[in-house]
Structures are given as structure tokens and as C-alpha cells.
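The values are calculated or read from the model by the stated rules, or taken from the named source; none is laboratory data. Since the structure is predicted, the reported quantities are computational estimates derived from the model, not experimental observations. So basically every Cβ, Gly included, is an ideal-geometry build from the backbone, and we count neighbours across all protein chains shown. Accessible surface is based on the protein model in full, side chains and every heavy atom, while ligands, DNA and RNA are left aside. Shrake-Rupley method; radii C 1.70, N 1.55, O 1.52, S 1.80 Å.
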Amino acid sequence: VVASNGNGVMCVWRYNTDGTIDTNFNTDGFFSNDSAAGGFNVDSATGVAEDSLNRLYFGGFSENNSGDNDAAFWRMK
């Protein structure tokens, strides 16, 4: 799992153990999210973890319309 910021949008890619993209993850191996804090500015995941039920957790930040950064947390099944 790779999580980052792609052109101002929080992006997640999941790969198989052989290095190929995991197309079972969000149908194409890729997920993105913008506007977590209510603005369409920078959203970025800076950390990732997985629990014992294979749920993914991402922590990071989201910039709101006022230009302030808010903490952001995403959980994916």
C-alpha cells in the first residue's frame, strides 16, 4: 500500500506481492479523495496502517477553504 498526495489529492495505491497493481482494490488498484476538510485544496495521506481485519487506515491533512490545515483520517474496508 502506498499513500501520498497526487496533484493536491489524497491518493492510495495497493499492490500485490509480485509488484503488480491490485485490481481488486477499488476496481483499479487506486483510490483518491479530495475535499476532506470541506475545501478543494491539498489533501495528503502521510501515514498508513492495516488492522487484523485487513482494514486500511490513513492519517494526514486536508486544507480547508480558509487555507488552514486540518488533521484528516480515512478508513477503508
### Filter pass, ASN5 being among the polar types (S, T, N, Q), surrounded by 15 or more Cβ atoms within 10 Å (Cβ to Cβ) and not in a loop (DSSP other than H, G, I, E, B)
yes
### Residues (among the aromatic types (Phe, Trp, Tyr) and either more than 16 Å from ASN54 (Cα to Cα) or assigned to a strand (DSSP E or B) (or both)) located in the range 14-32
TYR15, PHE30, PHE31
### Query
Under the condition of being of a type in the set (Asp, Glu) and in a strand (DSSP E or B), which residue from the range 48-64 is farthest from LYS77 (Cα to Cα)?
GLU63
### Query
Which condition number does ASP28 fail, the rest of (1) under 20 Å from ALA71 (Cβ atoms); (2) open to solvent by 60 Å² or more (accessible area, probe 1.4 Å); (3) modelled with pLDDT of 90 or more; (4) not aromatic (Phe, Trp, Tyr) being met?
(1)
